[in-house]
Amino acid sequence: MVDLETARQIALSFPGSEERDHFGIPSFRVNNKIFATMWINHDRMMVKLSPIDQSVFNSFDPSIFYAVPNKWGLRGSTFVELAKVRRDMLEDALNIAYNAVIAKKKN
């Protein structure tokens, strides 16, 4: 289990990351691009993964990692249930999302 404050600290631990409001919820960005959002009222995060990475995390446990139920989910946006996720798994998912945004900036 990871509490909201710990999840926030992990997201902000990446170089250049910052927290900003995104339609009333906290978002975590690097280079002005979102790599995660925090859904405080639902005790979950959304991480921007590729569809392949989403599938890998979902295969671990679909009650912890699952596609956002809309077009963004089809593109890899993945909900993470903070009450169930191990810290190391959340760190891995956030690291992948963060690095994907960094890689896009370099291209």
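The values are calculated or read from the model by the stated rules, or taken from the named source; none is laboratory data. A quick note: this is a predicted structure, and the numbers were derived from the prediction, not measured. FYI the Cβ positions are ideal-geometry reconstructions off the backbone, even for glycines, and counts take in every protein chain you see. Accessible surface areas use protein heavy atoms only, side chains included; no ligands, DNA or RNA. Shrake-Rupley method; radii C 1.70, N 1.55, O 1.52, S 1.80 Å.
Solvent-accessible area per residue for the stretch 67-107 at a 1.4 Å probe radius, Å²?
Working: 2430 Å² over 41 residues.
Heavy-atom accessible area per residue stands at 59 Å².
Nearest 0.05, what FRET efficiency do Arg20 and Ser59 give at R0 = 30 Å with Cβ-Cβ as r?
Working: r = 32 Å, r/R0 = 1.06.
Efficiency, from the Cβ-Cβ distance: 0.40.
At a threshold of 8 angstrom on Cα-Cα distance, excluding pairs fewer than six apart, so keeping six or more, what relative contact order does the stretch 23-106 reach in percent? Kindly include the intermediate steps, with their values, before the conclusion.
Working: 128 pairs, mean separation 25.5, N = 84.
That works out to 30 percent.
Once neighbouring chains are kept in place and the probe is 1.4 Å, which whole percent of the accessible area of the chain is contributed by carbon and sulfur? Don't skip to the end; give the middle numbers.
Working: 3300 of 6040 Å².
Answer for the chain is 55 percent, counting heavy atoms of protein chains only.
Considering amide H positions built from the backbone, and no H for Pro or chain starts, which residues 5 or more places from Leu49, or on another chain, come under 5 Å of its amide H?
Sorted by chain and number, the residues that satisfy this are Ser77, Thr78.
Can you compute 3J(HN,Hα) from phi for each residue in the stretch 90-95, using the Karplus curve 6.51 cos²θ - 1.76 cosθ + 1.60 with θ = phi - 60°, rounded to whole Hz and x for Gly and Pro?
5, 4, 4, 5, 5, 4
Considering the values (1) 47, 32, 29; (2) 32, 28, 26; (3) 68, 28, 15, which represents Cα extents along the principal axes in Å as calculated for the structure under consideration?
Given (1) 47, 32, 29; (2) 32, 28, 26; (3) 68, 28, 15, the calculated one carries the label (2).
Before rounding to the nearest 500, sum -39500 (n - 2.57) across all DSSP H runs of length at least 4 in the chain and divide by the residue total; then give [θ] at 222 nm in deg cm²/dmol. Mind dumping the intermediate values first?
Details: 4 runs with 43 residues, N = 107.
Computed ellipticity for the chain at 222 nm equals -12000 deg cm²/dmol.
If you take every residue apart from Ile34 with its C-beta less than 10 Å away from the C-beta of Ile34, what net charge results, scoring Lys and Arg +1 and Asp and Glu -1?
It works out to a net charge of +4.
Add +1 for every Lys or Arg and -1 for every Asp or Glu among the other residues with Cβ under 12 Å from the Cβ of Gln54, and state the total. Working shown, then result.
Working: positive: Lys48, Arg75; negative: Asp53.
For residues surrounding Gln54, the net value is +1.
Less than 14 Å Cβ to Cβ from Ser77, Lys/Arg counted +1 and Asp/Glu -1: what total charge do the surrounding residues give?
+4
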